[in-house]
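The values are calculated or read from the model by the stated rules, or taken from the named source; none is laboratory data. Small disclaimer: the values here were computed from a predicted structure and weren't measured. Quick reminder, even Gly has a Cβ in these numbers, built from the backbone with ideal geometry, and neighbours come from all protein chains shown. The protein model used for the area step is the full one, side chains on, heavy atoms only, and it has no ligands, DNA or RNA in it. Shrake-Rupley method; radii C 1.70, N 1.55, O 1.52, S 1.80 Å.
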Amino acid sequence: MDIHSPKFLIRLAFLVALLIQFRVYANESVKPNICNSFANGKPKAVLLNSAGHAVSKIDLGNVSIHTSTFDGNFFISNSNYRLIVYPKRLEIREGCSNATCFFKKAAKPRCQGTSEFELSAGINPRNFRPGVFASSLMISFFDPRLINPEAVEIKLLFDEKIVGSLSLPWVEIENSDSLENELRFLSKGSINQIEISVINSGTESVSLMSWQTDPITAPDLLIADASCSGRTLGPKETCRFFLRKTSQGKPQGKVYHWLLPTNFIESSLHLTVIQNTSENPRVSSKFK
């Protein structure tokens with residue numbers, strides 16, 4: 001067929017027109033479904049993912065130091081969500097708790113009479129263990145026209161939740177439940193030291209620094225390192241240290257505290273021994 005012939009050019013123009021019409025229909029066919037949610041005039045909000053689909057929650061997916069931005073406190077999601085709010089006079093406040101955070105940025109609204117925001121959310125890794133997590137995400141709506149701006153009744157067409165999976169190291173005392181029983185024998189003088197194992201129960205490797213002693217700690221109980229200081233622990237790997245008495249008889253201090261710093265977002269393994277004359281020693285350990 002001669003591509004320069006009038007008949008060919010007419011057919012080509014017809015096909016192009018059909019393609020343009022189809023693309024316009026495809027783009028507009030999604031919009032009414034979302035915008036129709038606001039047809040009854042009652043205040044409400046819809047959450048959309050990056051593909052423009054209504055979703056029930058913010059899903060951060062796999063979160064780690066490698067896949068997310070860390071701002072010093074929170075892993076911030078690299079995938080953005082959109083929040084459509086009706087009526088457009090309503091506004092939202094950015095907010096952070098100890099566990100989660102979200103940030104907003106005004107966006108061009110796709111529905112008449114609404115305002116639209118680009119949302120990014122974050123999670124504090126110190127508040128969760130490795131693996132699947134779910135937490136609340138409180139979004140505050142307010143109406144600046146009201147005497148009490150916070151007195152807004154709005155229907156949310158989504159759950160105020162943030163979910164995902166955390167990939168991070170997690171340093172802890174192995175078999176910590178039996179540690180208090182062993183400390184009881186150490187306190188009574190039956191033994192002079194106990195061996196304690198540290199495990200990285202997370203999914204990422206972590207580098208351990210050197211043990212540090214809190215100034216409140218009496219010198220009659222100390223940590224003698226065996227294989228932890230200066231060591232890199234892979235997932236499920238362990239190292240060990242000794243908790244040792246430096247004098248005969250019962251240790252005289254009331255509170256003993258040590259920490260093992262790591263290279264993971266300034267987190268340390270904290271080990272605390274609390275000794276009371278009328279009770280057996282109590283132990284707590286935390287990675288924070």
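Out of LEU186, LEU208, LEU146, LEU166, report the one residue that is crowded, with 16+ Cβ neighbours inside 10 Å and over 23 Å from SER268 (Cα atoms).
Values: LEU208 fails: over 23 Å from SER268 (Cα atoms); LEU146 fails: crowded, with 16+ Cβ neighbours inside 10 Å; LEU166 fails: over 23 Å from SER268 (Cα atoms).
Just a single option satisfies the conditions, and that option is LEU186.
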key: Qualifying positions in segment 228-256 - open to solvent by 40 Å² or more (accessible area, probe 1.4 Å) and part of a loop (DSSP other than H, G, I, E, B)   = SER229, GLY230, ARG231, PRO235, LYS236, GLU237, THR246, SER247, GLN248, LYS250, GLN252, LYS254
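Within segment 257-287, restricting attention to residues that are more than 18 Å from SER197 (Cα to Cα) and either open to solvent by 60 Å² or more (accessible area, probe 1.4 Å) or not in a loop (DSSP other than H, G, I, E, B) (or both), which residue is modelled with the highest pLDDT?
Within segment 257-287, the first condition is being more than 18 Å from SER197 (Cα to Cα), and the residues that meet it are 263-267, 274-281.
Going one step further and asking which of them are either open to solvent by 60 Å² or more (accessible area, probe 1.4 Å) or not in a loop (DSSP other than H, G, I, E, B) (or both), we end up with 263, 266, 274, 276-280.
Working: ASN263: 95, GLU266: 89, ILE274: 87, ASN276: 69, THR277: 58, SER278: 57, GLU279: 64, ASN280: 75.
This residue is ASN263.
For a quick check of your reading: which strands (runs of 3 or more DSSP E) sit entirely within segment 59-112 and have at least 1 residues that are surrounded by fewer than 17 Cβ atoms within 10 Å (Cβ to Cβ)? Don't jump to the end; show me each part of the working.
Working: elements: 81-86, 91-93, 100-107.
Where strands (runs of 3 or more DSSP E) fall fully within segment 59-112 and carry at least 1 residues being surrounded by fewer than 17 Cβ atoms within 10 Å (Cβ to Cβ), they are 91-93, 100-107.
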remark   = LEU221 vs (1) out of contact with any Lys or Arg (no Cβ under 8 Å at 6 or more places or on another chain); (2) over 30 Å from ASP71 (Cβ atoms); (3) buried (at least 18 other Cβ atoms within 10 Å of the Cβ): all pass except (1)
inquiry  = Just the residues that are under 23 Å from ASN175 (Cα atoms) and among the charged types (D, E, K, R), please, taken from segment 216-262.
reply    = ASP225, ARG231, LYS236, GLU237, ARG240, ARG244, LYS245
message = Suppose we filter segment 113-127 for residues that are under 28 Å from GLU266 (Cβ atoms) and either in a strand (DSSP E or B) or open to solvent by 30 Å² or more (accessible area, probe 1.4 Å) (or both); how many remain?
response = 7
query = Failed condition for ALA151, given (1) of a type in the set (Gly, Ala, Ser); (2) touching a residue at least 60 places away in the same chain (Cβ under 8 Å); (3) closer than 30 Å to LEU48 by Cα; (4) part of a loop (DSSP other than H, G, I, E, B), with all others met?
reply = (2)
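Please specify each residue of segment 35-58 satisfying the condition of being open to solvent by 20 Å² or more (accessible area, probe 1.4 Å) and of a type outside the set (S, T, N, Q).
Within segment 35-58, the first condition is being open to solvent by 20 Å² or more (accessible area, probe 1.4 Å), and the residues that meet it are 35-37, 39-43, 49-51, 53-57.
Hits for segment 35-58 are CYS35, ALA39, GLY41, LYS42, PRO43, ALA51, HIS53, ALA54, VAL55, LYS57.
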